[in-house]
Each structure stands twice: as structure tokens, then as C-alpha cells.
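The values are calculated or read from the model by the stated rules, or taken from the named source; none is laboratory data. Here the structure is a predicted model, which means the values were calculated and not measured. Positions of Cβ are generated from backbone atoms using ideal geometry, with glycine treated the same way; all protein chains shown enter the neighbour counts.
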């Protein structure tokens with residue numbers, strides 16, 4: 001009897017083991033495809049340098065990943081999860097362990113965006129960066145004069161070599177920058193700096209002949225003034241043309257935005273005669289000939305192009321009409337008549353020309 005039963009017993013044991021294995025595989029497969037216990041969208045922050053094991057522990061501690069050991073065993077058995085990408089992930093209802101693994105390996109992180117606006121000063125740009133809660137802040141304690149060093153770009157390309165060290169005003173390109181949750185404010189500024197280098201190089205190579213700039217940096221200064229003066233984008237080349245001709249004739253630029261920039265936080269929204277007469281303000285283009293020492297704002301590509309490809313003509317003055325556009329004049333007499341027409345006789349309560357009116361508007 002024992003001789004007969006022994007082979008049968010072995011068959012039964014093998015079959016039982018196969019059934020248990022099949023059930024285990026089914027359960028394991030079901031576990032990998034079963035949605036995680038998530039009722040609403042959950043954020044998962046994966047820090048730079050984190051391993052999948054650390055992420056698994058993090059999810060298990062938040063009760064978002066049941067049976068973490070099973071997940072760990074699957075990862076080890078398949079050799080997956082060695083390369084996961086840092087960032088902020090969104091886990092929604094229906095996300096299964098396999099979906100999570102795919103997400104981490106493919107880097108399907110949540111994206112954010114920040115816009116650096118044309119015409120902003122460096123101070124305004126840095127304030128906006130500080131306000132963005134999705135950016136990792138690492139530059140808050142860095143003064144502006146040390147900013148380029150902190151960015152690792154103090155060896156400025158010769159194309160934009162500021163005459164004064166530690167003067168980063170205007171060296172960042174205004175644009176919308178998309179980033180992940182692992183991005184720092186330094187990353188954004190490095191990108192904006194390199195973007196400005198690239199854009200200015202392209203526009204500088206296509207510049208018109210006989211411009212009154214010693215280098216691309218001076219063109220950037222002019223572009224920043226044009227950026228602050230424009231109420232109508234299509235007028236940028238005309239406004240640049242006025243300033244270029246005034247430089248060529250050794251005339252004072254007489255543009256309000258430079259004076260306002262030089263006043264800094266002292267400016268209260270009212271530009272007074274004493275401000276225009278203040279020769280102590282290095283940015284006062286009513287008192288100092290030529291361009292101001294540095295750019296006064298972030299200049300976009302259109303303003304840079306206008307500074308390097310200004311409109312030809314004979315206009316030396318312009319005045320705001322009150323609707324955002326300007327009246328251009330070739331002579332002082334014409335300009336004074338335009339000032340009388342648009343700023344005295346037809347001044348309206350909703351007058352909304354930009355602060356700078358340039359060249360004899362006062």
C-alpha cells in the first residue's frame with residue numbers, strides 16, 4: 001500500500017503547490033493593478049536623490065500604499081525603479097501600484113509656470129520669485145550685487161558684459177518659464193539669464209548699421225527704456241528711433257522712466273520738477289547726456305529688436321495722446337503744439353499714457 005500511495009501523494013502535493021502558486025500569482029497581479037486607497041488627489045514630493053525605497057516608505061507612512069513589502073519584492077524581482085525622477089507628482093483616485101511605478105520612472109511630474117513680465121525691474125522680478133510657493137527658495141538672502149556670482153554666471157559672456165560688476169539689472173529675459181516642484185529660484189534665473197544671452201546675440205547680429213552703441217549691453221539699456229516708454233507695441237521702433245537720433249545729435253534723452261528708476265523707493269507716483277533738476281540722480285537723463293548706467297527694466301525681444309532696428313525718420317520728440325499712443329514731432333515747435341493739444345487742452349481724467357513721455361513733455 002505505501003508503495004502505491006507514495007506517487008499519488010507526490011502528485012497531490014505538486015498539484016496543491018501549483019494551485020497555491022497560481023492563487024498567489026493572481027493575488028499578486030491583482031495587488032499591482034488594484035487602485036491605491038486614495039479618495040482625493042494627493043501630492044507626492046520626490047526629492048532629488050531619493051530612491052524608490054524611500055518613496056515607498058513615504059507612501060506607506062501616509063497609508064497610501066498597502067503591503068509595501070509586496071511592492072518592494074516586485075521591484076526587486078523585475079529590476080525596475082532604479083531611475084526615478086524628482087519632482088511633484090499628483091496621485092489621483094484609481095492610481096494603482098504599477099501606475100505609480102510608471103509615473104515615477106517616466107517623470108510625469110506636476111508642472112508649474114512663472115511669468116517674468118516685460119518692464120519689470122530686478123526688484124519686482126525677485127519679489128515675484130519669492131512669492132511663488134512652488135519654487136524652492138535658495139537665493140532669498142543673496143543681495144542683488146552678488147546675484148550673478150550666486151548663479152555661477154559671473155564670468156559674463158562678452159556679449160553682455162556690464163561695465164560695473166554686480167549690476168544684474170536687465171540681464172534676465174522676460175518670459176513664461178515652466179518648471180517642476182524640484183526647481184529652485186536659482187534654476188529659473190539661470191535659465192532666464194541664458195535666454196537673454198541667446199536672444200540678444202541673435203538680435204545684435206541682425207542690427208542696423210551706424211547705431212550709437214558701443215556694445216550689446218548699451219543696446220540692452222536702450223531696449224529697457226523703450227520697454228518702459230511704450231504704450232502701443234507697434235510704436236517701439238519709432239520710439240527707439242527718436243532716442244537713437246537724440247543720441248546721435250548729442251541731445252539729452254529726457255525720458256521720465258530713467259528718472260523714476262533712479263529715484264527707487266522714494267518715488268511716490270508723482271514726478272516733480274525738483275526730480276528732473278536733480279543732477280545727483282545718475283539715471284536722470286534730463287541732466288546727464290547719453291544712456292543711463294544700466295538697464296532700467298526687463299526688455300523683451302520686441303523692445304530689443306526696436307533698439308537695434310529703429311525706425312528711420314526725423315522725429316526727435318513724442319508726447320502721449322491719452323489713449324496709450326503717441327504723437328511724434330520733428331521740431332520743438334511742433335512738439336510744443338502737440339503737448340498743448342494732448343496734455344493741456346484735451347487732458348482727460350482717464351488719461352493713461354505711460355509715465356515716461358520723453359524729450360520735452362514737461
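For the stretch 244-279, taking the residues that are touching a helix residue (DSSP H, G or I) at 6+ places or on another chain (Cβ under 9 Å) and assigned to a loop (DSSP other than H, G, I, E, B), the one that is nearest to residue 123 (Cα to Cα) is identified as 267. Cβ separations smaller than 7 Å between residues 6+ apart or across chains give the following pairs from the stretch 116-139 residues that are at positive phi and touching a residue at least 60 places away in the same chain (Cβ under 8 Å) to residues that are surrounded by 18 or more Cβ atoms within 10 Å (Cβ to Cβ) and part of a helix (DSSP H, G or I): 119/227; 119/228. I'm trying to understand the selection: among the residues of the stretch 199-218, which are in a helix (DSSP H, G or I) and either without any contact (Cβ under 8 Å) to a residue 60 or more places away in the chain or crowded, with 24+ Cβ neighbours inside 10 Å (or both)? Those that are in a helix (DSSP H, G or I) and either without any contact (Cβ under 8 Å) to a residue 60 or more places away in the chain or crowded, with 24+ Cβ neighbours inside 10 Å (or both): 200, 201, 202, 205, 216, 217.
Whether a residue is exposed (fewer than 15 other Cβ atoms within 10 Å of the Cβ) and outside the structural domain of residue 48 (by TED's automatic domain parsing) was assessed, and residue 268 passes this test.
May I ask you to verify whether residue 301 is modelled with pLDDT of 95 or more and within 24 Å of residue 202 (Cα to Cα)? So residue 301 fits the description; yes. Can you confirm whether residue 312 is closer than 18 Å to residue 243 by Cα, surrounded by fewer than 21 Cβ atoms within 10 Å (Cβ to Cβ) and either free of Cβ contacts under 8 Å to residues at least 40 places away in the same chain or over 26 Å from the mean Cα position of the chain (by Cα) (or both)? Yes. On inspection, residue 307 passes the criterion of being crowded, with 16+ Cβ neighbours inside 10 Å, in the same structural domain as residue 247 (by TED's automatic domain parsing), in contact (Cβ under 8 Å) with a residue 12 or more places away in the chain and out of contact with any strand residue (DSSP E or B) (no Cβ under 7 Å at 6 or more places or on another chain).
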